Each structure stands twice: as C-alpha cells, then as structure tokens.
Amino acid sequence: MGETNGPSAIDDATGTAATPRSRPSTPYYRRMARKEARVREDQYVALSRLVQVLTRRRVVRSGPRLTENTLIRVAIDLLLERADRLAGDTESELRDSVLDAAPATPGWAGPALFEFGDEPGTAPGR
C-alpha cells in the first residue's frame, strides 16, 4: 500500500507546495494590491523626507526597505483602526475627526520632521 501524506501547505504567491522554512519567490511589494492615490505636493515632500529620516535611524538594516508606500500602508492601517471615529463631509472634517488633536493651522503640514534630530545633509543625531 502506498503512503498517504497529509494535506500540504500551499504557498499563496506561487501556488506550489511550501515547506515551513521556504520563502515566497514573489517579492513582498508584488503581493500587494495596487492602488494609486493623488497626494498634495506638501504631503509627498513630507512623506519622502520622513522615509529618509526613518531609514537613517534604522537599527536593523536587513529586511524590507522603507518606502513611501510603507508609510502609506501604516497610515491606512491607522485610519481603519479609527474608522469608528470618522465623521464629517469634507477631507478636513474627516481628518480632524480621526486625529487626536486638530492641526493648529489649516492644511496639514505634516509631522515635525526636524524634531527627529536629522537636518538635511547631516548625519543622524547631529
């Protein structure tokens, strides 16, 4: 009589049997759904700057790189976590309803990037 193996794990990315230690051959970003979004210029600049600051501050340099898309996914997770707080009819009202405190100025200017201790063109922490 032949041996019968139990159900094997299937790797969703490749559709082939996966071993517990195997890694999918498809890069992480390729396993994501694509969604394009329009952002304001100030948001794009602040997001790009924040990625640079966080990349320089990384302790562990191995693993996936940080990108603007990484931060956008984190922001989406935060928004979805606070979805029950969403209220309003405009972008400004919706934003204010999920932020812990309303921004001091109209039109969000982004996080205080220079409080991270990294000025453009300098080494981190200087």
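The values are calculated or read from the model by the stated rules, or taken from the named source; none is laboratory data. Note that the structure is a prediction, hence the values are computed from the model and not measured. Note: areas computed on protein heavy atoms with side chains; ligands, DNA, RNA excluded. Shrake-Rupley method; radii C 1.70, N 1.55, O 1.52, S 1.80 Å.
Data overview
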| item | result |
| --- | --- |
| Restricting region 29-57 to residues that are more than 21 Å from GLU91 (Cα to Cα) and among the small types (Gly, Ala, Ser), the residue that is modelled with the lowest pLDDT | ALA33 |
| Test: VAL60 is open to solvent by 50 Å² or more (accessible area, probe 1.4 Å), modelled with pLDDT of 95 or more and more than 20 Å from LEU99 (Cα to Cα) | no |
| Meets criteria (open to solvent by 60 Å² or more (accessible area, probe 1.4 Å), modelled with pLDDT under 95 and assigned to a helix (DSSP H, G or I)) for ARG23 | no |
